[in-house]
Amino acid sequence: MILRLVGFLAYTEVRLPHEHFSVNKLGHLVLDGYDLVELAERFGTPLYVVSEGRLRENYRQLAETFKTHYPEETIIAYAVKANFTLAIIRIFALEGAWAETFTGPEFHMALMAGVKPENILLTGTSRGEADFKEALEAGVGLIVADSLPELYRVSRAAEELGGKARVLIRVNPALEVPTHPSIATGVRGTKFGIDIPSGDAFKAFEEALALEGIIVLGVHTHIGSRIMRVEPFLETARRVVDFIGELNSRLGFKPEYLDLGGGFGIPYRPEEFDEVLDFNLLAKSLSKIIVEEFRRLGLQLPKLVFEPGRSLVADAELLLAKVGNVKETPAGKYIFLDASTNHLTPVLLVDQYFEIILANKVNKKIEETVNFAGPLCFTGDIIALNRRIPKVETGDLAAILSVGAYCKSSYMAHNAQPKPPTVMLSKHGAEIVQRGQTLGDLLAHDVIPPRLYHAFAEPS
């Protein structure tokens, strides 16, 4: 019998991010009806586990909310960079999503997952004519140009192929973005987009509209990632729509698309689980700004594009890791897992918090404060500090929550640790959707010249 988690909350002091989780009579953490302790025993650890149901639920919530409030078409283009597991891309394609791909490899991943080329948005910052030709020959839907040199390159590529590229131009509204500096993209001085306040963005549109090889179809922007408040997105819309008004009055430009990027945050800490980004308020408020201003300008409403990644995949995936060693030190108790910051690179890159629960002891009382570490040979391989958990022992199973975004896609292989497999849960079973790497995979591209096999050590 599966018991819903809410029946245990007062006793266990455990909070989980969404209702796809529960606890069974053994006190084990359950996801979509699957005992995670049993999954770890079956597939080994470390192990990524993703909920297909949660993926679909996250997409539908966002798509249906904007469909309700915005009177024109809204396109949800999944940001492949967040998690490029092909089965995940495929699920979103089946739900009706486009794919936002930042690079050529991501573009090909989307195609391999069955995304129609006309439903792919190609973004980037430094691409050559060959990159653009490849995408155009494949039939890419839209290309986002990040600078004037890129506009010239994509125009030349299209002309050489005897056609025209469908282009959006990325602009930078240069505002303050409430997120980690490393993932704030719409701020003054950023490397992304063309600056609006300086007039550079207007000049870029002016020149682009005269190029023979492109059709400028709209405006693109993206202000950052992990944003938990509605207001920054509303201010972005105000500034970009004001800019569109200037383009229309001075150049006669009428956009067919308005791409406001992604960056929708999710709660990672238990105390934030009730403070989710209000998509209903966001959709309603954004629609009001866009509809009112476009009507004032006498313009037809554009197709609205969003590029969510984190908000679609982050809380749908977790990482299971076995406790390999428990070590008492003057600085506190260290719990060594068989997972590391290799698997959780956002900890190193943006000081990301990940909630950790003992999956085999969810119904046990919180007893101690510990530090979670990985087994890697560097001091910074610390996953979490000062976490309150039940008494932990070697062999316990840790569930690290909400790892679906920017963990596997930025995986590093320090100490030659291979990437573990990914299992997807659905009504069809627990299916491997990404096999674990082997030592052979890590060494597949290495070559020792034959002469070195027969060589003697050279004298110093």
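Here, each number is a calculation from the coordinates, and none is a lab measurement. What you see is a predicted model; the values in this text were computed from it and never measured. Glycine gets a Cβ as well: all are built from the backbone with ideal geometry, and neighbour counts include every protein chain shown.
By other beta-carbon atoms within 10 Å, ranking R226, R188, R156 with the fewest at the front produces R188, R156, R226. The amide H of D396, built 1.01 Å from its N in the peptide plane, has V323 as neighbours under 5 Å, considering only residues 5 or more places off or on other chains. What the phi angles of region 337-350 give under the Karplus curve with 6.51, -1.76 and 1.60, with θ = phi - 60°, is a coupling list of 9, 7, 9, 8, 6, 4, 7, 10, 4, x, 4, 7, 7, 9 Hz, glycine and proline written as x.
Based on the convex hull around the alpha carbon atoms, region 108-165 presents an average projected area of 3.5 nm². Distances between placed amide hydrogens fall under 5 Å for A384 paired with F372, all partners being 5 or more residues away or on another chain. Can you bin region 123-308 into rounded, prolate or oblate? Criterion: square roots of the alpha carbon gyration tensor eigenvalues sorted a ≥ b ≥ c, rounded for a/c under 1.5, prolate for a/b above b/c, oblate for the rest. Because a/c hits 1.5 or more and a/b exceeds b/c, region 123-308 counts as prolate.
Take the Kirkwood radius over Cα pairs of region 354-460, plug it into Stokes-Einstein at 37 °C and 0.692 mPa s, and you get 184 µm²/s for translational diffusion. What the phi angles of region 111-126 give under the Karplus curve with 6.51, -1.76 and 1.60, with θ = phi - 60°, is a coupling list of 4, 4, 7, x, 6, 5, x, 5, 9, 10, 9, 9, 10, x, 10, 8 Hz, glycine and proline written as x. Our coupling estimate for region 226-232, obtained by passing each phi through the Karplus curve with A = 6.51, B = -1.76, C = 1.60 and θ = phi - 60°, is 6, 8, 9, 10, 6, 4, x Hz, Gly and Pro reported as x. Relative to the longest principal axis of the C-alpha atoms of the chain, give the angle of the C-alpha long axis of helix 86-95, reported between 0 and 90° and rounded to the nearest 10°. With rounding to tens, the tilt is 50 degrees.
Residues whose amide H falls under 5 Å from that of K303, counting only those 5 or more places apart or on a different chain, are Y257, L258, with hydrogens built in the peptide plane.
Counting Cα-Cα pairs of the chain in 10 Å increments starting at 0 gives whole-percent bin shares of 4, 19, 27, 23, 15, 9, 3, 0, 0.
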